[in-house]
Amino acid sequence: MFEFFIAKRYLRSKHKINFITILTFLSTMGVTIGVAALIVMLSVFNGFGSLVTSLLVEFDPHLRVTNIEHNIERNTIVSKVNQLKNVTNVGFYAEGKIIAVNKKSYEILTLKGIDENLQSDDWGVKSKIVSGKFDVSSQGNIDKIILGLPIALRLSARVGDTIFVSSARSIERSVLSLSTPKSKPYIVAGLFEAKSKEYDYNYSFTSLESAQEMLALKNNVTGLEIRLTEIDQAEKLKPQVASIFSEQASVYSWYDLHEDLYNVMMIERWAAYILLALIIAVATFNILSSLTMSVIEKKKDIALLRSMGATKKSVLRIFMFEGILIGLIGTGLGMIIGYVICWLQINYNFYPLDPTKYIVNSLPVLIRTSDFFVVGFASFILTFLASLYPAKRGVNISITDAIKWE
Amino acid sequence: MILEAKNISKTFKNTKDQKLEVLKGIDLTVERKNIEVIIGASGAGKSTLLYLLSGLDKPDEGTVKINGTEILKLSDEKISKFRNKHIGFVFQFHHLLPEFTALENISIPQMVNGTSLKKASIRAEELLERVGVAERKDHKPAELSGGEQQRVAVARALANDPDIIFADEPSGNLDSKNSEILHQLIVDLRDELNQTFLIVSHNPELVKLGDVVHEIKDGIIVK
């Protein structure tokens, strides 16, 4: 393709007007900086997003079913769910509001009674124990409880201490009947820290039976939680899980459980993407001006090529290729620089974070191949659009005028 | 007959909305293997006629047939392709592409036709040899003398073995020695390659070489 051959040479050769050469260099650099900034920014957003998701998903189930009917056959349900593909753990839970009291301190918490089968060493509360151990069995007549680390500090409760727990319902009843609320002792068996305020400050855990008794649920449960081998399968399994239950039951995936948070993160990511893409857009204006000047400078060459039989389309292609080449070189360099910055941060942590203030000690970065495609595509489209005007200008040059007046 | 033009008229509008009728119904034929020369006073419309006959510009009226093809009726794309295959140009001020070497300048018309650079270079080298500047093949136009540049321009016009070569004052910018070399080259190309030339010139030496001379006066051919 001779158009590419000519465009390549035009890009490489020094212009008669030195300013065009400088402007071409600046436009390439502009695209490079824009692309590198976008790659780094998207990778940092990926890092934060993945950190947040992992923190939440390490604690959350992948699927949760609520509004379950009271009279279901629980063992049958568990075996049916277990037969589904990718399911690793299934268990019922019961939860409700309680007040935990120790000495003169008290905290309002959610007590969650969980099936021990639902716990694993690599996820859930069992994996987040920082003191004591995960044990919700009964010791004599006294049940055991797991508290969040900040709550234990507020209650001044240590592992092995006994605290008293009353359900919100029993307090409500005692207010109405003017009697003392019923409270039950629990031994603090362990402390957990999920590094999520939502969990650490609000949740406490015990056995399913103990929670059912404390919350006066009799033999009923609040819902069912399912853990899968692959998180990506959650949406696919939702309808299959729903078909096991009655129509009233609601099935939520890990994404649904924190949908607002994920949506905000997505909006932030898009906003930053668009704002940083503006750097590339500004750089492409430089491409537009340098190419327009190049077309004016090459007026005679265009006329000459036309006299040799080059079509208008060929002239359009020559200048489009020149603009796209500037864009591709800038984008390629930007991608390399962006990748190197991310790689250095991942391997050498040149931008550390204070671990006493943040939950991680380095700025989290996650490189995704898809980002390179998205950024490359945006850069290509912007460069293409910027090349269109000068190239069309080149097409409309009068052959005879350009030859006559040189 | 290779070229037949009938009733070619061209009017230019100047800035004050006045019309300047340069060509007033010109009829012209060019025979194969001839060197035909168009002469006339400055501003008589010689170059304009050349551009109209080659399809670089469009007349207000008239028809131009080259090798039986009515070129003014062709679309822009078709006339471009026609020019590439059947017409060669030599301009007064050499008009070589400054970023490309002599060899590449001759290869480009062939590449426009879809030939690869490698293949085009073989023919380009032969042509450079033929016009006597083979040793300067890797030099860019700025590194060549005026005479050499014009010989490269002639080689470029020959690149696709055209039916006719249009030359606009080919020796107008050369000294007498280089003009003589160029004129001899034109004669040799006619004799050896049966090439047809239609040349606009003021140069009496070149006019003498013409098999047919057309003179434009007041917008018409007078002889």
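The values are calculated or read from the model by the stated rules, or taken from the named source; none is laboratory data. The model shown is predicted, which means the values in this text are computed figures rather than measured ones. Cβ atoms come from the backbone with ideal geometry, glycine included; neighbour counts cover every protein chain shown.
Only one of A:Ile296, A:Ile337, A:Ile329, A:Ile341 is assigned to a helix (DSSP H, G or I), more than 10 Å from chain B (Cβ to nearest Cβ) and either closer than 22 Å to B:Ser54 by Cα or more than 45 Å from the chain's Cα centre (by Cα) (or both). Can you tell me which?
On the way: A:Ile337 fails: either closer than 22 Å to B:Ser54 by Cα or more than 45 Å from the chain's Cα centre (by Cα) (or both); A:Ile329 fails: either closer than 22 Å to B:Ser54 by Cα or more than 45 Å from the chain's Cα centre (by Cα) (or both); A:Ile341 fails: either closer than 22 Å to B:Ser54 by Cα or more than 45 Å from the chain's Cα centre (by Cα) (or both).
Just one listed residue meets the conditions, A:Ile296.
Sort out for me the helices (runs of 4 or more DSSP H) sitting completely within region A:164-239 that have 2 or more residues that are among the acidic types (Asp, Glu).
Details: elements: A:168-177, A:197-200, A:208-214.
Filter on region A:164-239 gives A:197-200, A:208-214.
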| note | Conditions (1) surrounded by fewer than 20 Cβ atoms within 10 Å (Cβ to Cβ); (2) without any contact (Cβ under 8 Å) to a residue 24 or more places away in the chain; (3) within 8 Å of chain A (Cβ to nearest Cβ) -> B:Ser80 fails only (1)
| Looking at this structure, is A:Asn71 assigned to a loop (DSSP other than H, G, I, E, B) and surrounded by fewer than 21 Cβ atoms within 10 Å (Cβ to Cβ)? | yes
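Return the total of residues in region A:118-158 being among the hydroxyl-bearing types (Ser, Thr, Tyr) and at pLDDT below 80.
Here is the first cut: in region A:118-158, the ones among the hydroxyl-bearing types (Ser, Thr, Tyr) are A:120, A:127, A:131, A:137-138, A:156.
In the following step, the residues that additionally are at pLDDT below 80 were identified as A:120, A:138.
Adding up the residues that qualify gives 2.
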| Out of region B:62-86, which residues are touching a Leu at 6+ places or on another chain (Cβ under 9 Å) and either within 17 Å of B:Ile165 (Cβ to Cβ) or of a type outside the set (Ser, Thr, Tyr) (or both)? | B:Gly62, B:Val64, B:Lys65, B:Ile66, B:Asn67, B:Ile71, B:Leu72, B:Ile79, B:Lys81, B:Phe82, B:Arg83
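Every residue, every condition in (1) out of contact with any strand residue (DSSP E or B) (no Cβ under 7 Å at 6 or more places or on another chain); (2) more than 13 Å from chain A (Cβ to nearest Cβ); (3) surrounded by fewer than 22 Cβ atoms within 10 Å (Cβ to Cβ); (4) at negative phi, yes or no:
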{"residue": "B:Phe89", "(1), (2), (3), (4)": "no, no, no, yes"}
{"residue": "B:Phe93", "(1), (2), (3), (4)": "yes, no, yes, yes"}
{"residue": "B:Ile106", "(1), (2), (3), (4)": "yes, no, no, yes"}
{"residue": "B:Pro109", "(1), (2), (3), (4)": "yes, no, no, yes"}
{"residue": "B:Gly114", "(1), (2), (3), (4)": "yes, no, yes, no"}
{"residue": "B:Lys119", "(1), (2), (3), (4)": "yes, no, yes, yes"}
{"residue": "B:Asp138", "(1), (2), (3), (4)": "yes, yes, yes, yes"}
{"residue": "B:Ala167", "(1), (2), (3), (4)": "no, no, no, yes"}
{"residue": "B:Gln184", "(1), (2), (3), (4)": "yes, yes, yes, yes"}
| task | Kindly list the number of the only condition in (1) within 14 Å of chain B (Cβ to nearest Cβ); (2) touching a residue at least 24 places away in the same chain (Cβ under 8 Å) that fails for A:Leu388. | result | (1)
| message | Condition first: touching a residue at least 60 places away in the same chain (Cβ under 8 Å) and within 14 Å of another protein chain (Cβ to nearest Cβ). Now tell me which residues in region B:2-30 satisfy that. | response | B:Val22, B:Leu23
| request: Could you run through region B:31-65 and say how many residues are within 14 Å of chain A (Cβ to nearest Cβ) and either hydroxyl-bearing (Ser, Thr, Tyr) or farther than 16 Å from B:Val222 by Cα (or both)? | output: 13
| task | Search region B:36-61 for residues being in contact with a Leu (Cβ under 9 Å, 6 or more places away or on another chain), closer than 23 Å to B:Asn84 by Cβ and touching a residue at least 40 places away in the same chain (Cβ under 8 Å), and hand back the single one that is surrounded by the fewest Cβ atoms within 10 Å (Cβ to Cβ). | result | B:Glu36
| task | From A:Ala234, A:Ala303, grab the single residue that is buried (at least 20 other Cβ atoms within 10 Å of the Cβ) and more than 30 Å from A:Ile6 (Cβ to Cβ). | result | A:Ala234
